[in-house]
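Peer 1: Before I ask anything, let me first share the structure, which is written out below as structure tokens.
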Amino acid sequence: MAELPRRFVIVIMCFGSMFITYLLRINLSVGIISMSKQLNWTDQTKGIVLSAFFYGYLLSQFPGGWLAKKYGGKIVLGIGVLSCAGFTFLLPIFAEVHIAWVIGCRFFTGLTAGVIFPTVMGLMGLWLPQSEKGRLTALASSGSTVGSALGMSLTSYVTDYLGWQASFYFSAGVALSWCLFWQEHGADRPETHKRISESEKEWIRGSPTSLKESTEHSSVYNNNNNNNNNNNNNNEPVPWSA
């Protein structure tokens, strides 16, 4: 059985990171009804808790891209997802302590989740050849849409049968599983991957042989066209001397 190309593994993992980002984002939106009843939250409190994620998410978008460029996409993406998992796991515990801890937890969940999207885009730029970049980048980023759609159903199911606390533990567990796989199979770029083949590296960065052949083909084609044009010009009668 043929082995899956490593760039496809990276795309699938990036898809998973986007899926997890939205899974961790919406679990509170589903569970907040049960939480507010148990913890006696007002509508104003619920609004503050729900918005805290987005304040953090907004602040880390630009720094996320800078960090990925400086330290590498593997470590930034891994720490981003792992941190999200940690804060999500702690939220049910903090909810029993004080509302301020919940707000802070959601803020930092958003802050760490904000680095994921720009890091994924940077990885796609380094891992994909030009011919595949458009459709595979779209595939990776579609994890957010799938995460929103399936996350609502999964979180609702877990909340109904196991309680709102379990929904946070479940999504944190999914994120942690992803981190373990990413640690083994992720890489900043093709040149630093431990298992990638040389032929795939050449394909990603553009094979020198293929480029040479393409250039030679273009030169031959252009020379043939020039010769044909010259022959046509020689055969055509000059109107004023006919």
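The values are calculated or read from the model by the stated rules, or taken from the named source; none is laboratory data. In this text the structure is predicted, and so the values were computed from the model without any measurement. Backbone-built Cβ (ideal geometry, glycine too); neighbour counts: all protein chains shown. Side chains included, ligands, DNA and RNA excluded: accessible areas come from the protein's heavy atoms. Shrake-Rupley method; radii C 1.70, N 1.55, O 1.52, S 1.80 Å.
Peer 1: Ser214 is checked against (1) at pLDDT 50 or above; (2) under 30 Å from Gln130 (Cα atoms); (3) surrounded by 12 or more Cβ atoms within 10 Å (Cβ to Cβ) and fails just one. What number does that condition carry?
Peer 2: Among (1) at pLDDT 50 or above; (2) under 30 Å from Gln130 (Cα atoms); (3) surrounded by 12 or more Cβ atoms within 10 Å (Cβ to Cβ), Ser214 violates only (1).
Peer 1: Check the range 29-52 and report whether any residue there is under 30 Å from Trp127 (Cβ atoms), among the small types (Gly, Ala, Ser) and part of a helix (DSSP H, G or I).
Peer 2: Within the range 29-52, none of the residues are under 30 Å from Trp127 (Cβ atoms), among the small types (Gly, Ala, Ser) and part of a helix (DSSP H, G or I).
Peer 1: From Pro63, Pro92, which residue is under 30 Å from Lys201 (Cα atoms) and assigned to a helix (DSSP H, G or I)?
Peer 2: Pro63
Residue-wise test of (1) open to solvent by less than 80 Å² (accessible area, probe 1.4 Å); (2) assigned to a loop (DSSP other than H, G, I, E, B); (3) free of Cβ contacts under 8 Å to residues at least 60 places away in the same chain.
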site	(1), (2), (3)
Gly125	yes, no, yes
Lys133	yes, no, yes
Leu136	yes, no, no
Tyr157	no, no, yes
Tyr169	no, no, no
Ser177	yes, no, yes
Phe181	no, no, no
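Peer 1: Which of (1) surrounded by fewer than 22 Cβ atoms within 10 Å (Cβ to Cβ); (2) in contact (Cβ under 8 Å) with a residue 24 or more places away in the chain does Cys84 not meet, given it meets every other one?
Peer 2: Result: Cys84 fails condition (1) only.
Peer 1: Hey, another quick one. Exactly one of (1) crowded, with 17+ Cβ neighbours inside 10 Å; (2) within 18 Å of Ala52 (Cβ to Cβ) is unmet by Thr119. Its number?
Peer 2: (2)
Peer 1: Only one of these conditions is not met by Ala68: (1) of a type outside the set (D, E, K, R); (2) touching a Gly at 6+ places or on another chain (Cβ under 6 Å); (3) surrounded by fewer than 24 Cβ atoms within 10 Å (Cβ to Cβ). Which number is it?
Peer 2: Of (1) of a type outside the set (D, E, K, R); (2) touching a Gly at 6+ places or on another chain (Cβ under 6 Å); (3) surrounded by fewer than 24 Cβ atoms within 10 Å (Cβ to Cβ), only one is false for Ala68: (3).
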